[in-house]
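As structure tokens, the structure follows; a few thoughts come after it.
The values are calculated or read from the model by the stated rules, or taken from the named source; none is laboratory data. Computed from a prediction, not measured in an experiment: that's the story for all the values here. Backbone-built Cβ (ideal geometry, glycine too); neighbour counts: all protein chains shown. Heads up: the accessible areas ignore ligands, DNA and RNA and are worked out on the full protein's heavy atoms, side chains in. Shrake-Rupley method; radii C 1.70, N 1.55, O 1.52, S 1.80 Å.
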Number of protein chains: 2
Amino acid sequence: MTTEVPTRREAPTLEAVAAEAGVSRSTVSRVVNGSVHVSPDVVLAVNAAIERLNYIPNRAARSLANRRTMAIALVVPEDAQRFFGDPFFSEIMQGITNVIEDSDYVLNLQLARPTAPSAKTIRYLLGGNVDGAIVVSHHSGDEFFTTLDSTIPVVFGGRPFHPDAHGNSFVDVDNEAAGALGTQHLIDLGRRRIATISGPSNMQAALDRHTGWRRALEDAGLDASLVATGDFTMAGGAAAMRELLDREPALDGVFVASDLMATGAISVLRSRGRRVPEDVAVVGFDDSPAATSGEVGITTVHQPSRQMGTEMARMLLDLLDGVPTERERVLPTRLVIRDSA
Amino acid sequence: MTTEVPTRREAPTLEAVAAEAGVSRSTVSRVVNGSVHVSPDVVLAVNAAIERLNYIPNRAARSLANRRTMAIALVVPEDAQRFFGDPFFSEIMQGITNVIEDSDYVLNLQLARPTAPSAKTIRYLLGGNVDGAIVVSHHSGDEFFTTLDSTIPVVFGGRPFHPDAHGNSFVDVDNEAAGALGTQHLIDLGRRRIATISGPSNMQAALDRHTGWRRALEDAGLDASLVATGDFTMAGGAAAMRELLDREPALDGVFVASDLMATGAISVLRSRGRRVPEDVAVVGFDDSPAATSGEVGITTVHQPSRQMGTEMARMLLDLLDGVPTERERVLPTRLVIRDSA
DNA sequence: CTGAAAGCGCTTACAG
DNA sequence: CTGAAAGCGCTTACAG
């Protein structure tokens, strides 16, 4: 069975509507754009014509004339695997979507290459396809994104890796304090050999949580050398946990920089005969669905992922509308106690 | 801290490049578009000018002039919850992305309202924002999408609910045969009280799998009345399983229309003291990561989700390029035996 | 309140 | 191979 290109009908233009309604193109344009300076009966006549012809304005022509695309890019420099694998993104995206849906903008998700955006991504962002961008999950090496805001407004999810002089807008939590918070809970539980599974070192949030862990241990006079790096995936968390157990079989606590990694870590602990939390207490991060999906509920540092999404979207809309806004918004975290610690 | 709109630099135009290179706009355009009818030295000069000015063609102007947006919509009429929750979508999307990435098109994901697209979605699709669309997870009530192809080329993931006379393009598996295949396995295992947990009745794939289940049972002279409907989520699968057990405590086999639902069903079976597969054998559908994520590996009907994605993308690209293509592509399924049956 | 006209930044026959 | 000119479908001052 081969193709037989269906005859696409020609879309009606502003011109056609004007003829149909017996007015000028300017007037139709005004009606379409909701200008107040049009007499009521003309509005009626034009809308009727629009209805009859099933007119939908051509986006390209509109954008060319008024320099607005009414589109926003959601840039996620992660491969699809990780994007879909970590519920954190789902939460963030729902927050963003909820706000954008109620606006006149459409949201265009762009999964970008981690570490260095492709020429295609750059051309997309710079070629007038979108009016603004939200960048989530930023890595070092993604410096392009921090310069992007000289061309279009940008809001980051999480303080960008190298905040440049301009000062990029962002929504974040205090990851260092949050890391300390989770770690302190382990200390308060009486744990003394406390390890951490950190996120990739090219991400600011990972570095900050790691620093928080170290600070809490040092403040308590405990050793802060048990570090393994994961990649924010379940498998990465498992691998890191194995490494830690090999180095220090007697560890009794671990602060893990994401719930998804904690899931992997806990299954390794159990398969190696450690009881959680009795033998090893585990504190995660995010309070994402991953924290409650397994058999043992994960005690974790909650960050308001969905709210971060809505704040990012609101901030960008304000920027686009020229409404004065805060450029940095730091949301609170809190400890959520479940079974694992 | 309030906003201080960074001064956005004016993007250089074709005009500027022409001036810089000392040629006409037409010539610059030809170079940008890779026309062969340009002398080598002029190409060099123009490219140098482009480089110097950091020129990126304006998408709106380009689209208006040549009536191509170089963008494709991936329309998924599901809420974010389900989109992110079911690994099936992740697989499909990876298949699509892989193909589109290597093309000149960008992919714009549009989560649409299930059952009836919003005015915004319709205007987006009809307003010249994209050159074509891929529609995945189609429901009855989404009839708009089946008429869309009179305006732009469309490829469906899964035979659309009401294939109209035009004949929409689609990539699918033979869901009915696949449903029978999975059910037959339960019959061959000697099971005699075989239930099904089907998908929502407003989805063609769900109906077809259900029909396959019924056909297999009837061909074997078995009762085909144990039906519960799920919604393709884990929780929905669990609820359906409870319902079935209440109605028929003695059931010994169940064909579930998705692995994710099977996951929920199995946990209910176990919590009600049924051993899987000894007491109740379970066959799932998809062979998605959900089939292997739990404690008991799920025996399932494999459908090549990722390949379906790549085929859909290729088909659409062919349609866009005017290359003759099959309009219907049905990929093979097979049974994958694990622990649950 | 309404229309004529210029302009947005490209592409593309049409000549040469 | 190259350029002048028209045109893509809108918006938006500018007059009236």
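At-a-glance table
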item	result
Inverse of mean 1/r across different Cα pairs in chain B, Kirkwood, Å	22.6
Mean residue ellipticity (222 nm) of chain B, computed from DSSP H runs ≥ 4 via -39,500 (n - 2.57), nearest 500	-13000 deg cm²/dmol
Amide H partners (placed H, <5 Å) of residue A:141, local residues excluded	none
Calculated label separations, residue B:98, copies of the chain, 7 Å along the beta-carbon direction, nm	3.6
³J(HN,Hα) computed for each position of region A:71-86 - Karplus, 6.51 cos²θ - 1.76 cosθ + 1.60, integer Hz, glycine/proline x	10, 10, 8, 9, 9, 10, x, 9, 6, 4, 3, 6, 4, 7, x, 9
Where chain B is the region considered: accessible area per residue in Å², 1.4 Å probe	41
Computed FRET value (nearest 0.05) for residue A:227 with residue B:51, which takes r as the C-beta separation and R₀ as 41 Å	0.40
Given charges at Cβ of Lys, Arg, Asp, Glu: chain B dipole, positive-most of B:110, B:301, B:258	B:110
For residue A:335, distant residues with modelled amide H under 5 Å away	A:302
Calculated Rg and Dmax of region B:151-263 using C-alpha coordinates, Å	15.2, 53
At 7 Å out from Cα toward Cβ: residue B:8 inter-copy label distances (nm, ascending)	2.7
For residues of A:52-63, the mean tally of beta carbons on other chains within 10 Å	5
Simple Cβ-charge dipole of region A:33-188, Lys/Arg +1 and Asp/Glu -1, about Cα centre, in debye nearest 20	880
For residue A:147, inter-copy label distances in nm, listed shortest first [label point 7 Å out on the Cα-Cβ vector]	4.9
If the convex hull is drawn through the Cα atoms of region B:1-149, its volume per residue in Å³	180
In nm, spacing of pseudo-spin labels at residue B:115 and residue A:144 (7 Å Cα→C-beta vector)	4.2
About the Cα centre, charge dipole magnitude for the protein assembly as shown (Lys/Arg +1, Asp/Glu -1 at Cβ), debye	500
Packing-based order for B:16-27, B:76-87, using average beta carbon neighbours within 10 Å, highest first	B:76-87, B:16-27
Test item: B:258-266 mean partner chain Cβ contacts at 10 Å	0
Total accessible area lost when A and B pair, probe 1.4 Å, Å² to nearest 100	4700
P(r) of the protein assembly as shown over all Cα-Cα pairs, binned every 10 Å from zero, in whole percent	3, 14, 20, 23, 20, 12, 6, 2, 0
Average beta-carbon neighbours from other chains, 10 Å sphere, peptide B:120-129	5
For residue B:155, residues with placed amide H under 5 Å, excluding near neighbours	B:133, B:134, B:135
Top positive-direction residue, dipole computed over region A:225-341 with Cβ charges, set A:330, A:268, A:310	A:268
About the Cα centre, charge dipole magnitude for region B:189-341 (Lys/Arg +1, Asp/Glu -1 at Cβ), debye	320
Percentage of interatomic Cα-Cα distances in region A:211-341 larger than 21 Å	47
Rough spin-label spacing in nm, given labels placed 7 Å along Cα→Cβ, for residue A:321 and residue A:81	4.2
Cα centroid separation, region A:127-188 to region A:1-77 (Å)	38
Mean separation of Cα contacts under 8 Å (6+ apart) over length of chain A, as relative contact order %	16
